[in-house]
Each structure stands twice: as C-alpha cells, then as structure tokens.
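K.L.:
So that we are looking at the same thing, I have put the structure below in structure tokens.
The values are calculated or read from the model by the stated rules, or taken from the named source; none is laboratory data. These figures come from a predicted structure and were not determined experimentally. Cβ sites come from the backbone with ideal geometry, for glycine too, and all protein chains shown count toward neighbours.
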Amino acid sequence: MTTGARTAPPRRAMEIFATKWTSMILHTLHVRHRGAARSGTLQRSLPGVSKKMFVQTLRDMETSGLIDRTVDSTVPPAVTYALTPLGHRFVGLIEMVYDWDYANADALDDLQPRETTRRGRSIELAKVI
C-alpha cells in the first residue's frame, strides 16, 4: 500500500458516491436483480436517470472493475451487466448507507434543503428505494 493510499482511505471509498448513480446501480443490481440484469431492465429500475448518464455511469463502473458487461450474440444483442467480486465488496458499504438512511429517516426529513444546485435549480431531498 502506498503512503497516499494510507492517508486517504475515506476519500477513496467515497469516490463511489461521487456520481449518485454509481451507488444506486450497485444497490439496484444487488437488491432487485440478484447481482445481474439486462440493460433495459436495469435502466427501468432507476427512474430519473437519463440514457446518457446511465450509459456513462455503466462505462465508468465497468472500467473501474465494479461490473462486467456481457453481450449475447442474439438479434438484437442482449447486454447484461453483473456485479464483479469487487462490486460485491462495495455493495456492503452501499447497504450500510441505505440502512442508516432508513434508521434515520426522521433526521433526514428534518434537514433543510439547499436553495440551489450548481446549475441554479432548487433541489429536493428524495427517497429512492
């Protein structure tokens, strides 16, 4: 382990939350699809994600080793995404956050939302699965 890796473990673990869809895809693949799902089924399980963001997030997750992409030679091709062993390890962290959210829903409901995001739109705290 390098010195940089020892001094920044929380930052390294928190990088999976940098894109909100990464943690949501990990959670959804694990809880709703038992670790693997076809592309269309997975996207329909994530209301609110645009096609562009969905594809971009899946590519990033595949590159980082969290998921595998399998293309079946059918017409049309069936694309399946599955958690890798590394992805399964990160699911534990994601599930702890979801469990904490459920246990502390009252405190989260009491939070005052920020007025705007960087894009100037107001945000709402939303509950997702």
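K.L.:
In this structure, is residue 115 within 15 Å of the chain's Cα centre (by Cα) and either more than 17 Å from residue 17 (Cβ to Cβ) or touching a residue at least 60 places away in the same chain (Cβ under 8 Å) (or both)?
P.N.:
no
K.L.:
Next question. Is it the case that residue 38 is charged (D, E, K, R) and touching a Lys or Arg at 6+ places or on another chain (Cβ under 9 Å)? So that I can check it myself, show each step before the final result.
P.N.:
Details: charged (D, E, K, R): yes; touching a Lys or Arg at 6+ places or on another chain (Cβ under 9 Å): no.
In short, no.
K.L.:
Could we say that residue 54 is without any contact (Cβ under 8 Å) to a residue 60 or more places away in the chain and aromatic (Phe, Trp, Tyr) here?
P.N.:
On the way: without any contact (Cβ under 8 Å) to a residue 60 or more places away in the chain: yes; aromatic (Phe, Trp, Tyr): yes.
It is true that residue 54 is without any contact (Cβ under 8 Å) to a residue 60 or more places away in the chain and aromatic (Phe, Trp, Tyr).
K.L.:
Filter the stretch 11-41 down to residues that are touching a strand residue (DSSP E or B) at 6+ places or on another chain (Cβ under 6 Å) and assigned to a helix (DSSP H, G or I), then give me how many there are.
P.N.:
2
K.L.:
Residues that are under 24 Å from residue 101 (Cα atoms), under 15 Å from the mean Cα position of the chain (by Cα) and of a type in the set (D, E, K, R): does the stretch 49-59 have at least one?
P.N.:
Among the residues of the stretch 49-59, not one is under 24 Å from residue 101 (Cα atoms), under 15 Å from the mean Cα position of the chain (by Cα) and of a type in the set (D, E, K, R), which makes the answer no.
K.L.:
For the stretch 64-95: of the residues being among the polar types (S, T, N, Q) and modelled with pLDDT under 95, which is nearest to the chain's Cα centre (by Cα)?
P.N.:
My answer is 64.
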